[in-house]
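Step one of this worksheet: look at the structure below.
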Amino acid sequence: MSEAASTSGKVLGPVIFLGAPGAGKGTQSKKFVEMYGVPQISTGDILREHVSAGTALGRQAKEIMDRGELVSDKIVCMMVETRLSQPDCDRGFILDGFPRTLEQAKWLDGVLAAKTYEGKSLAPVVVDFEVSYNQLFKRLTGRRSCPTCGRIYNVYFQPPRVPETCDIDCSKLVTRKDDSEEAISVRLKSYEEQTRPLVEYYRQQGRLHVINGEESSEAVTKQALAALEADRR
Ligand code: AP5
């Protein structure tokens, strides 16, 4: 039986994909969306949509994101609250890039404690993708994505069939502005200072699954799947 067939229809509940920039959270989220039929909630994607649409929030966030710094907890929590209130989150969801500070994690605890799935309250499953600094750097400088379908590529590890062109819809691939070497250094530093403490936070809650994010994308999916299924048994 395929992974998608064996997981379809199950209540997944809340899942948090934790990891440094470039750890593979977005790549893996897209696979799990297909397998479980639940939405990926990427705070980075939502912010980038605001930037593209030129909203007041997007104008406020743009320079902060381009520098590689974190947007304020208040703005990000407000965005997540709005997204979680939509009905497609009822069977579960994958949080990609949220929470990223202790304040965000504590806020989320409060929200999840009040939310029920088929009458039951479910604690989140937290999967932490561990990847070394050098590998993260190479993954981020080599990342390209499709502006039309969102598929993520990597010129070193997961190249498109035709250079700079999406395999699915032939769009010209784009490089994120914050994938410059300067912004990557700031992002990795803010991960170490503000987000890494969440690993300990969720370990103490007994919610944490640490996996080796440095393996092939397929091997990482297997590890993450095993973590989710173990927790939901
Ligand atoms: P966001 O968009 O969340 O960026 P990020 O956390 O920096 O994470 P990335 O999207 O860069 O990496 P990823 O782990 O998803 O890796 P991917 O799968 O793409 O945030 C952007 C900005 O928004 C932040 O800097 C901040 O300003 C703001 N923001 C967002 N959320 C916020 C929050 N909660 N609070 C405050 N501010 C917030 O993979 C990377 C590359 O590696 C790809 O090319 C991929 O093809 C390749 N790859 C993936 N897996 C593998 C593998 N196993 N082997 C080889 N290559 C691989």
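The values are calculated or read from the model by the stated rules, or taken from the named source; none is laboratory data. Everything numeric here is computed off the predicted structure, so don't read it as measured data. We place every Cβ from the backbone using ideal geometry, glycine too, and count neighbours over all the protein chains shown. Please note that ligands, DNA and RNA were not included when accessible areas were found on the heavy atoms of the full protein model with its side chains. Shrake-Rupley method; radii C 1.70, N 1.55, O 1.52, S 1.80 Å.
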Within region 81-97, is even one residue away from the ligand (no atom under 13 Å from the Cβ) and aliphatic (A, V, I, L, M)?
yes
Mind telling me which of the residues LEU198, LEU173, LEU188 ends up being over 18 Å from the mean Cα position of the chain (by Cα) and not β-branched (Val, Ile, Thr)?
LEU173
Residue ID - surrounded by the fewest Cβ atoms within 10 Å (Cβ to Cβ), chosen from residues in region 128-150 that are among the basic types (Lys, Arg) and closer than 15 Å to ARG187 by Cβ:
LYS138
Within region 35-80, take every residue that is of a type in the set (Gly, Ala, Ser) and near the ligand (Cβ under 10 Å from one of its atoms) and give me the one that is surrounded by the fewest Cβ atoms within 10 Å (Cβ to Cβ).
SER72
Which numbered condition PRO160 misses (of (1) within 18 Å of the chain's Cα centre (by Cα); (2) more than 24 Å from GLU200 (Cα to Cα))
(1)
How many residues does region 211-233 hold that are assigned to a helix (DSSP H, G or I), under 30 Å from PRO159 (Cα atoms) and either without any contact (Cβ under 8 Å) to a residue 24 or more places away in the chain or open to solvent by 60 Å² or more (accessible area, probe 1.4 Å) (or both)?
5
